[in-house]
Structure formats: structure tokens, C-alpha cells
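Okay, structure first, notes after.
The values are calculated or read from the model by the stated rules, or taken from the named source; none is laboratory data. Note that the structure is predicted; figures quoted are calculated from it, not measured. Cβ placement follows ideal geometry from the backbone for every residue including glycine, while neighbour counts extend to all protein chains displayed. Calculation scope for accessible area: heavy atoms of the full protein, side chains included, ligands and nucleic acids excluded. Shrake-Rupley method; radii C 1.70, N 1.55, O 1.52, S 1.80 Å.
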Amino acid sequence: MLHLPVFYLSLFLNFQSPGTSLLESKTLIPSDTAFFQNPVFEPVLADPSVLRFGEYFYAYGTEDNWGEEGGYHLVPIIRSRDLVHWEFVRDAFEKKPNWKPKGGIWAPDVTEVDGSFVMYYSFSTWGDPNPGIGVAKAKSPEGPFEDLGSVFDSQEIGVANSIDPFYWEEDGKKYLIWGSFHGLFLTELNPEGTKAQGPKVQLAGNHLEAAYIHFRQGFYYLFGSAGTCCEGEKSTYRVLVGRSKSLLGPYLDSAGNPLMDGKSGELVLHGNSQVTGVAGPGHNAEIITDKAGNSWILYHGMELSKPKLANGTNRRALFLDLLRWKEGWPFVEKLEPSTGRRSAPVF
């Protein structure tokens, strides 16, 4: 996956693995931040996508109405130098895409591709019989993004509830991975990245959505979120992972169980049961490696003390945690969001 223009590539001497995101690079972003405490951005940044460009990290979230805590946002963009201190930039769109008569713009996935910034997004209502995935493009990571229309809808691609896109590029080919509780699928895209071409391949069963792939030490790690995303303090969202030697799978957990069975996956993160804890952590964004070689995972979650906004919107704030690795498997300490003061990433 490409996230920086060519003139930055000389800074990335370790970029050798297929599909490896440049978010794992060693570019130094000046920061004097020593500690952080979750959430790192609030009130809402649901279904986050994160990329690094120049001196900033940029994060994008689902269309939401923050009510009295910030008003309506059509895909908010925020930025940070250190993953800890974030500032609102603008909304990604100046007007809503119109290739569907109604729906929200959910779960944007933004990547630097061929010198432009490309966003794949979900267009859906709750319970939509035919949601779809669209694509938009911008000259800057700060937008505005110009909509290019539909990539496919659920009926066209033959997969129910086709939302939650994730872009991957490898060996000169462009791919889209997507799905929500009707299987996770992969398809190749045309050279322009605007339409699916060729067969679709199923990667996981019906228990997952919000696919994200991370390449590390010869393995493709397929992350997905299981459970309920949006029931406030009752949300059961959690992050599972499987891995494969091939982009096309099969993806297995540490016991050798296939993600295709509709129930398996190695647990990375789930909610806290404490009153002061976090409900529904999930839909993780890119995994970022800091100067010290530590991996960091960003995701959304809801503090049990304030799980919803005054207008009833789920208060899915942005969380950050150290991602540990043991015998080749990733996990967050205690398998739950951190709630106290923690050492910050080093850039």
C-alpha cells in the first residue's frame, strides 16, 4: 500500500515486504508527548481510517451528528503529529454523493494512490437491502474529496450488506476487501480503481465485518470486528484476527481454525466489564510502528460512563493502544482498552 509520494520513499529503507503499509516506516514526526490517556479524540470518530503524509497523521471517520458537542460532519478529517493530540481539519465532502437516494457515508478507507488520495466508502442506511461502496479522490489528504460514484452495490457484486471497504495494492494490482456479517470478500479492481473485475474470493465467514490487512514477517494478518457495534454500553464489538501466507487465504487462528467457519479468530481486543471501562472497541484502523519499533492500533470505543451523545448518537471516540506480539500473534494488554495513563508512541 502506498501512502507517500515518491520523494519520501528514500526515507523508508525497510520497505521490502509485499503490501506493507508505509505507516510502518521510520519517518520521524517531532513530538514531545511522553504519555497519553484514552480516548485520544472525542466525541466521535467512528470506524476510523488513518494514513501518514508529511508531518501529520490523518484520520477519517463515519458521517455523524456530534450534536451539541460539534454538530453534523460529513466524514470528519482530523490530524495529529503524534497519534495523541488531534485537531479537527474539515469534512471530507462538501456535498453528499448522490448515486443512492439516501443513506449515510460510513467507514471511509483513505490511501495515497498514484499521487492522489483515494477514499473508498460505504453508502448505506441501517438495514439497507442494497448498500454499496463508492470511491472519491482528492489532491490533498485534507480534502475536499470529489466523488467518482459507485464501485459496486450489494446486488451487483452478489454479497449482502456490502460495506466496510479496505484497499490493498500488491504486485501492481489493486484490490478491495469488504463485508459485514455476510462474509469478508476480496476482489481485484480495474487499473483506475473504480470498478471490480474478475472473481470475488471469500476470506472469512459471517461473524466479521470491518476487514483490515497487515503484512508482517511473511504473514498477512486479517483483522475483523465481531459482535454489535452500536448499542451504547451494551455493545459487544471486539477485534479478532487470523493469518495466512497468502493474501487469498486461508486465514487461520493460532489453533489452526479457519476464519471461514463463521466463529473463529484470535482475540485481539474486547470491552471492559468495569463501570469505568469501555464498551464495543473495534473497527480498527492501520497499525503504525513508531521509532522505538512498537506497534500501535487505533480503533473506536465507547466509555461506559458516557456511551452516547445527548442526541442519542453512539459516542464512538478514537482510542489508541500498544499492540503487543507473542509467538507471531497480536494482542492488546489484558485484551482490553487501556483506561489509565500510558507511555505514548515515540516519533
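Scanning segment 266-317 for residues that are at pLDDT 95 or above, surrounded by fewer than 18 Cβ atoms within 10 Å (Cβ to Cβ) and within 20 Å of K334 (Cα to Cα) yields a count of 2.
The residue list E188, E192, E169 contains one member that is more than 20 Å from H283 (Cα to Cα), surrounded by fewer than 19 Cβ atoms within 10 Å (Cβ to Cβ) and under 17 Å from the mean Cα position of the chain (by Cα), which is E169.
Looking only at segment 21-42, decide whether some residue is at positive phi and modelled with pLDDT of 95 or more. No, that holds for no residue. Among the residues of segment 209-264, those that are of a type in the set (G, A, S) and free of Cβ contacts under 8 Å to residues at least 12 places away in the same chain comprise A255, G256. Looking across segment 43-72, the residues that are free of Cβ contacts under 8 Å to residues at least 60 places away in the same chain and out of contact with any Lys or Arg (no Cβ under 9 Å at 6 or more places or on another chain) come down to G54, Y60, G70, G71, Y72.
Being outside any strand (DSSP E or B), open to solvent by 10 Å² or more (accessible area, probe 1.4 Å), free of Cβ contacts under 8 Å to residues at least 12 places away in the same chain and not aliphatic (A, V, I, L, M): is that true of E156 here? So E156 fails the test. The set of residues in segment 318-344 being of a type in the set (S, T, Y) and open to solvent by less than 30 Å² (accessible area, probe 1.4 Å) consists of S338 alone. As a summary of the residue check, G242 satisfies the conditions (1) open to solvent by less than 30 Å² (accessible area, probe 1.4 Å); (2) assigned to a strand (DSSP E or B); (3) at positive phi except for the one numbered (3).
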